[in-house]
Amino acid sequence: MIGVSPYAVAGCGAISAFMIALSTFPAQSPMARRIRKIEAIREKNVPARLTIIEQIVTKEKSSRLQQRLIEAGWYGVTPVAMTMRGIGALGFGVAVCLMSLIFFNNLIGVLAGLFSALVAWRIPNIMLSRAVKARKESIQKELPDFLDFLGSTVQAGLALNAALVQAVDATRGPLKEELTSMLAEIRLGRPRADAFNALADRVNEESTTTMVTALVQAERLGSNLSDVLIELARETRDRRWMRAEEKAAQLPIKMILPMAAFMIPSLYLMIFGPVVARLLMNR
């Protein structure tokens, strides 16, 4: 017999709840820290201002977890808070494990408790991965329309910065958030090419990286931006169509398991159920 105190379960659950609640407090975003630092140097001379602004802007070193948090758009969550969420979820899993030992004092209870602890520990990471995937899919969906609008405004005679403002106002979703942050960095004095490259680093998505590379190269070489943007819009739309076709081709494979679990047993029941019922009645 394995003896588990209910106080241990309650204590483990309370500690886990405290850690998860503490990790939900939003942290100050990097952009807010930059603005605060820039506002703090108003009384300094111009060379000192330029030096500090350059140090603030070019500071983009982060860990893999921080990069994933940025890709998910969780700018208010730090890697420490994410780690605390994982530990708190693991604590809830351990509490469930201890409760299973109390109610099912056997090997099945131990295995079920260990499985629940492992699943709970992976839940924050799974949620982060889903957020990253959903954000990238949303950006992929909105990017062709944004490039169409941007190419049309540039072709109409607007400068690139003014066209970006107009195109961002017509965009929605995560792409609009990232482009708004990029425009804010440009207004703060960051070179446009560096702001575009920072956008590509934050999003870390193939179509966005291709767009940024093409725009930076076109601006550097003096190419016609409207033609480049129209071609980029066509290419991203074709790429989105290819991804849709790829997902459609994967559907038959993904439907095998639901069919085997639900449809085939129902068909067997409909076909052989009356036969079995008649045989039982003839006895």
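The values are calculated or read from the model by the stated rules, or taken from the named source; none is laboratory data. Please read all numbers here as calculations on a predicted model, not as lab measurements. When we count neighbours, we look across all protein chains shown, and the Cβ atoms used for this are built from the backbone with ideal geometry, even at glycine.
Inspect the stretch 133-154 for any residue being farther than 21 Å from Leu215 by Cα and crowded, with 18+ Cβ neighbours inside 10 Å and give the result as yes or no. Within the stretch 133-154 (the criterion being farther than 21 Å from Leu215 by Cα and crowded, with 18+ Cβ neighbours inside 10 Å), the answer is yes, since at least one residue qualifies.
Listed by position, the helices (runs of 4 or more DSSP H) enclosed by the stretch 90-202 that each have at least 2 residues that are touching a Gly at 6+ places or on another chain (Cβ under 6 Å) and either farther than 21 Å from Ile230 by Cα or free of Cβ contacts under 8 Å to residues at least 12 places away in the same chain (or both) are 107-155. Looking only at residues in the stretch 65-78 that are in contact with a Lys or Arg (Cβ under 9 Å, 6 or more places away or on another chain) and not in a loop (DSSP other than H, G, I, E, B), the one that is surrounded by the most Cβ atoms within 10 Å (Cβ to Cβ) is Glu71. Annotation note: of Arg234, Arg172, the sole residue that is farther than 17 Å from Ala159 by Cα, loosely packed, with under 15 Cβ neighbours inside 10 Å and more than 24 Å from the chain's Cα centre (by Cα) is Arg234. Among the residues in the stretch 85-105, are any assigned by TED's automatic domain parsing to the domain that holds Glu206, exposed (fewer than 15 other Cβ atoms within 10 Å of the Cβ) and polar (S, T, N, Q)? Within the stretch 85-105 (the criterion being assigned by TED's automatic domain parsing to the domain that holds Glu206, exposed (fewer than 15 other Cβ atoms within 10 Å of the Cβ) and polar (S, T, N, Q)), the answer is no, since none of the residues qualifies.
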